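Everything on this sheet refers to the single structure shown next.
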Amino acid sequence: MTKAAKPSQPTKEQWEAITEKLFSFYNTVDLMIDGYKVQLTLVRISTFNNAVSIYVNGVFKGEWFLNRDEVCEELRRFFPCVEVNRWPVTLTKDMVKILGKREAKKKGYFDKAKKYSTHWTSFRSMKSHLTKNNTNIEWLNENDS
């Protein structure tokens with residue numbers, strides 16, 4: 001009887017080294033995550049804000065973000081998801097005044113929707129998401145430090 005492969009994760013020191021490497025715009029970090037080659041790169045998203053961009057198997061596809069009914073595996077595993085209000089807050093408040101809170105809830109004015117982002121603005125959130133949604137994470141270019 002063979003034992004199942006034990007999940008592997010980078011050590012605390014390796015995560016710190018990955019963080020250090022992502023401080024510069026010209027460095028990339030290559031990870032092998034559950035059979036996907038994932039590349040992390042620091043990018044500028046506005047004048048004074050930076051974020052970590054992710055490429056899966058060397059590509060970034062906009063079509064991953066288009067299908068709202070079915071979330072693809074790459075999107076679920078590697079990209080940040082947040083819940084947002086389906087309707088603008090001002091519309092919801094107006095509908096509560098018109099219909100009442102109970103009726104507005106029935107009609108779906110308090111519903112939430114999932115929204116996926118194209119980049120990570122927090123390294124800690126990215127690390128947490130990757131370790132929770134994947135079993136094997138291996139740092140490929142560790143010796144390039």
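Yes/no matrix, rows are residues, columns are (1) over 17 Å from the mean Cα position of the chain (by Cα); (2) among the acidic types (Asp, Glu); (3) not assigned by TED's automatic domain parsing to the domain that holds Leu140:
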site	(1), (2), (3)
Leu22	no, no, no
Asn57	no, no, no
Glu74	no, yes, no
Arg102	yes, no, yes
Lys105	yes, no, yes
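Looking at the range 17-136, the strands (runs of 3 or more DSSP E) lying wholly inside it that each contain 1 or more residues that are surrounded by 11 or more Cβ atoms within 10 Å (Cβ to Cβ), of a type outside the set (Ser, Thr, Tyr) and in contact with a helix residue (DSSP H, G or I) (Cβ under 8 Å, 6 or more places away or on another chain) sit at 28-33, 36-46, 49-56, 81-85. Pairing each residue of the range 108-126 that is at positive phi with any residue that is surrounded by 11 or more Cβ atoms within 10 Å (Cβ to Cβ), provided the two are 6+ apart or on different chains, yields C-beta distances under 9 Å for Gly108/Arg86; Gly108/Trp87. Of the residues making up the range 5-40, those that are under 20 Å from Arg77 (Cβ atoms) and touching a Leu at 6+ places or on another chain (Cβ under 8 Å) number 12.
The values are calculated or read from the model by the stated rules, or taken from the named source; none is laboratory data. These figures come from a predicted structure and were not determined experimentally. So basically every Cβ, Gly included, is an ideal-geometry build from the backbone, and we count neighbours across all protein chains shown.
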